[in-house]
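Accompanying notes for the structure given below.
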Amino acid sequence: MVGRSPDDPAVAELERRYLAREGFNVEIEADPARASAARRRRPDVVVLDLSTSALPVDLYRRVADAVRPAPVVAVTGPLDPAIAHALGDHRVERPFGPRVLVAAVAEALRDGGPAQAPGPLRAGRIALQPRDRAAVVGDRRVALTVTEFDLLEFLMANPGRVFTREQLLDAAWGPGAGAGSRTVDVHVAQLRAKLGEGSPIRTVRGVGYVLDA
């Protein structure tokens, strides 16, 4: 996956061609700030163009957290050494040729290995299989929308941790998605109805929600 700089849309297409020529299957995410949506695509590696980002470290960390365990190759302009160090082990500095980018992606894949499909998550009578995007309560399979599944997966992956509505928006909808906090309340209510009696999602008054393991 290539996340491009929104100020230079031609860059991502050029990088895609470099990688496709070497046999990589590449998808482009137009706005790196929404790269948490990449979790649904399960990328093996992400090439993140930070050349024009005002806050490269902040954006890098948000994307890296969203796509983990997939490694991230940061594409940058000249940087202060301290900032460059914060951008992980895989970085390409402009200007560069096609071979440099391809080599960086290959190295990231070797170091990180292929992204492993996550194992099942469990909370009480609920079992969630991220690989198949299947949700089961007891012996009953539950049909969830994409967003409901992503929201439940995030909560089940972090049991006992309280999240604000804003944090849940970022996790399930992506930063800058434009949805309001009321959207979280509506989806939580829908999840509770589908999960039935004994839903582990608990409201923390004045804060947000937590999943009780």
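A quick yes/no check of all residues on (1) closer than 30 Å to L79 by Cβ; (2) modelled with pLDDT under 85:
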position: E93; (1), (2): yes, no
position: V100; (1), (2): yes, no
position: A115; (1), (2): yes, yes
position: Q129; (1), (2): no, no
position: V136; (1), (2): no, no
position: D139; (1), (2): no, no
position: L144; (1), (2): no, no
position: D150; (1), (2): no, no
position: R165; (1), (2): no, no
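Out of all the residues in segment 200-209, which are within 18 Å of G138 (Cα to Cα) and either open to solvent by 30 Å² or more (accessible area, probe 1.4 Å) or of a type in the set (A, V, I, L, M) (or both)? Working first, answer last.
Pass one, segment 200-209, residues within 18 Å of G138 (Cα to Cα): 200-201.
If the condition is that a residue be within 18 Å of G138 (Cα to Cα) and either open to solvent by 30 Å² or more (accessible area, probe 1.4 Å) or of a type in the set (A, V, I, L, M) (or both), then I201 is the only one that fits.
Within segment 87-99, can you find the residues that are assigned to a helix (DSSP H, G or I) and loosely packed, with under 14 Cβ neighbours inside 10 Å?
Start the filter on segment 87-99 by keeping residues that are assigned to a helix (DSSP H, G or I), which leaves 98-99.
R99 - this is the single residue of segment 87-99 that is assigned to a helix (DSSP H, G or I) and loosely packed, with under 14 Cβ neighbours inside 10 Å.
Among the residues of segment 68-91, write down those that are aliphatic (A, V, I, L, M) and in contact (Cβ under 8 Å) with a residue 24 or more places away in the chain. Walk me through how you get there before you give the answer.
Taking segment 68-91 as the starting set, the residues that turn out to be aliphatic (A, V, I, L, M) are 70, 72-75, 79, 82-84, 86-87.
Hits for segment 68-91 are A70, V72, V73, A74, V75, I83, A86, L87.
Hey, could you check segment 32-47 for residues that are surrounded by 20 or more Cβ atoms within 10 Å (Cβ to Cβ) and modelled with pLDDT of 80 or more and say which is farthest from the chain's Cα centre (by Cα)?
Of segment 32-47, the ones surrounded by 20 or more Cβ atoms within 10 Å (Cβ to Cβ) are 32, 35-36, 38-39, 43, 45-47.
Filter again for modelled with pLDDT of 80 or more, leaving 43, 45-47.
Details: P43: 10, V45: 12, V46: 10, V47: 13 Å.
Of everything passing the filter in segment 32-47, V47 is farthest from the chain's Cα centre (by Cα).
Quick one: count up the residues across segment 169-191 that are open to solvent by 50 Å² or more (accessible area, probe 1.4 Å), of a type outside the set (G, A, S) and modelled with pLDDT of 80 or more.
Here the count works out to 3.
To keep it simple, each residue is scored yes or no on (1) closer than 26 Å to V146 by Cβ; (2) modelled with pLDDT of 80 or more; (3) open to solvent by 20 Å² or more (accessible area, probe 1.4 Å).
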position	(1), (2), (3)
V2	yes, no, no
F24	yes, yes, yes
A30	yes, no, yes
D49	no, yes, no
R68	yes, no, yes
T76	no, yes, no
P81	no, no, yes
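A quick yes/no check of all residues on (1) in contact with a Ser or Thr (Cβ under 9 Å, 6 or more places away or on another chain); (2) open to solvent by 40 Å² or more (accessible area, probe 1.4 Å):
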residue: R122; (1), (2): no, yes
residue: I126; (1), (2): yes, no
residue: Q129; (1), (2): no, no
residue: V136; (1), (2): no, yes
residue: V142; (1), (2): no, no
residue: V146; (1), (2): no, yes
residue: L151; (1), (2): no, no
residue: G160; (1), (2): no, yes
residue: Q167; (1), (2): no, yes
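The values are calculated or read from the model by the stated rules, or taken from the named source; none is laboratory data. Just so you know, these numbers come straight off a predicted model, no measurement behind them. With ideal geometry, Cβ positions are generated from the backbone for all residues, glycine too; neighbour counts draw on all protein chains shown. Note: areas computed on protein heavy atoms with side chains; ligands, DNA, RNA excluded. Shrake-Rupley method; radii C 1.70, N 1.55, O 1.52, S 1.80 Å.
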